[in-house]
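Here's the structure we're looking at; comments come further down.
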Amino acid sequence: MTSKAAPRATSADEPEPAPKPEIALEDLPGIGSATAEKLRDAGYTDLMELAVASPGDVAEAAEIGVAIAQKIISEARRRADVGGFESGAAVLERRRRLGRVTSNSKALDELLGGGVETQAITEFSGEFGTGKTQIAHQIAVAVQLPAAQGGLEGEAVYIDTESTFRPERIVDMAKGMGLDPTATLERIHVARAFNSNHQMLLVQKAQELAREKPIRLLVVDSLTAHFRSEYVGRAELAPRQQLLNKHLHELLRFSDAYNAAIVVTNQVSSRPDILFGDPTRPIGGNIVAHAATYRIYLRKSKPPRRIARLIDSPNLPEGEAVFSLTTEGVRD
Ligand code: GTP
Ligand code: MG
């Protein structure tokens, strides 16, 4: 891929041109409609997914032989725009377009290196009531602000898996930021995800929306809840992690294509093996650790205070920030 071949969104008013029409799985030799259906059910929805899949996984998903799976993958690689190398200049140019969205707390913004970044996934994890959902609401409002006030003049997609999206909170926060509440609600596109498959499908729907509207933020609250409740027990761990990985990569691709910020929330699970220190850790393990660029761990302090800690960031110093949860939203 050369820099010319990789146009990127430059501003809120100039959304990414629609990607090339996808080639249907059925167009590949050896894939009938039944096989295509099985593949889609397993999460292989386009050529790219197949091109980077392993023959064993595809064989299992489609209930076909490994040799046939290998042929399908080769053909998908040949036809898919797998991309490849781009120049350092092109990478620099893309990094220049990085945008940041304020959390409305100076301390929290500083911890994040200036706010929630586009072209990246930011994870907020913590126990119940630590403010993950409140922060997600707050950023969905803040992304609409003009750049001078810490926004991107963009719109938000909000994938709600736990039915905790509250328009009333948006109204409070919009007022707190000097925005018109009704217009603010119009620019947040909310979808309730009923299960993990639906949750993943909604990312594709978000892509369709992002071709029409300047979507600069995609929230998934919560990233892991459905996966956790649907895939229970040791035997289910590998398939769960595989799907979660795929989901995260689709989110990353979205963030790249539309120069959007991705905010995901994550609960924590307890670690019985830890005797000293915090006995909890975010769900999803290495998969989430790998895909999320910024990971913020929240804990409660004296109400209404919360403490945010940056965990394993590649380029920012570790540190902590204190903020408050108020009726108007996140505050210092
Ligand atoms: P789970 O989703 O259950 O894991 O929790 P969470 O981390 O998403 O917590 P959430 O963001 O829902 O935070 C709940 C907390 O936000 C409450 O305990 C309150 O402290 C605060 N909060 C929520 N709504 C309001 C409000 O209208 N006014 C004020 N002052 N605080 C609120
Ligand atoms: Mg929540």
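The values are calculated or read from the model by the stated rules, or taken from the named source; none is laboratory data. Not measured: the values here are computed from a predicted model. Here the Cβ is made from the backbone with ideal geometry for all residues, glycine too, and neighbour counts use every protein chain on show. When the accessible area is computed, the model is the full protein with side chains, heavy atoms only, and any ligands, DNA or RNA have been set aside. Shrake-Rupley method; radii C 1.70, N 1.55, O 1.52, S 1.80 Å.
Here are some notes:
- Heavy-atom accessible surface of the stretch 168-231, averaged per residue, reaches 44 Å², computed with a 1.4 Å probe.
- Counting 0.36 nm for each residue step from residue 66 to residue 37 and taking away their Cα separation leaves a gain of 8.7 nm.
- Per atom type, the stretch 85-148 shows carbon and sulfur on 56% of its accessible surface, probed at 1.4 Å.
- Positive minus negative residues near residue 66 (Lys, Arg vs Asp, Glu; Cβ under 12 Å): -2
- Exposed-loop-free span, longest in the chain, where chymotrypsin sites (Phe, Trp or Tyr not before Pro) count as exposed if DSSP calls them loop and at most 15 other C-beta atoms lie within 10 Å: 1-84
- Using a Förster distance of 35 Å, the FRET efficiency for residue 205-residue 234 (Cβ separation, nearest 0.05): 0.60
- Fluctuation leader among 49, 155, 86 - the chain, Gaussian network, Cα springs under 10 angstrom: 86
- Here each label is just a point 7 Å from Cα along the line to Cβ, and for residue 77 and residue 327 those points are 6.1 nm apart.
- At most 11 other Cβ within 10 Å, DSSP loop - GluC sites (Glu not before Pro), the stretch 223-330: 318
- Spatial separation of Cα centroids for the stretch 42-65 and the stretch 174-215, in angstrom: 30
- Pairs of alpha carbons in the stretch 25-80 separated by more than 13 Å make up 48% of all such pairs.
- At R0 = 25 Å, FRET efficiency that the Cβ-Cβ distance of residue 318 and residue 91 yields, to 0.05: 0.45
- Sparse-neighbour loop sites [trypsin sites (Lys or Arg not before Pro); the stretch 75-182; at most 14 other C-beta within 10 Å; DSSP]: 97
- When the convex hull of its Cα atoms is projected in every direction, mean area for the chain (nm²): 17.7
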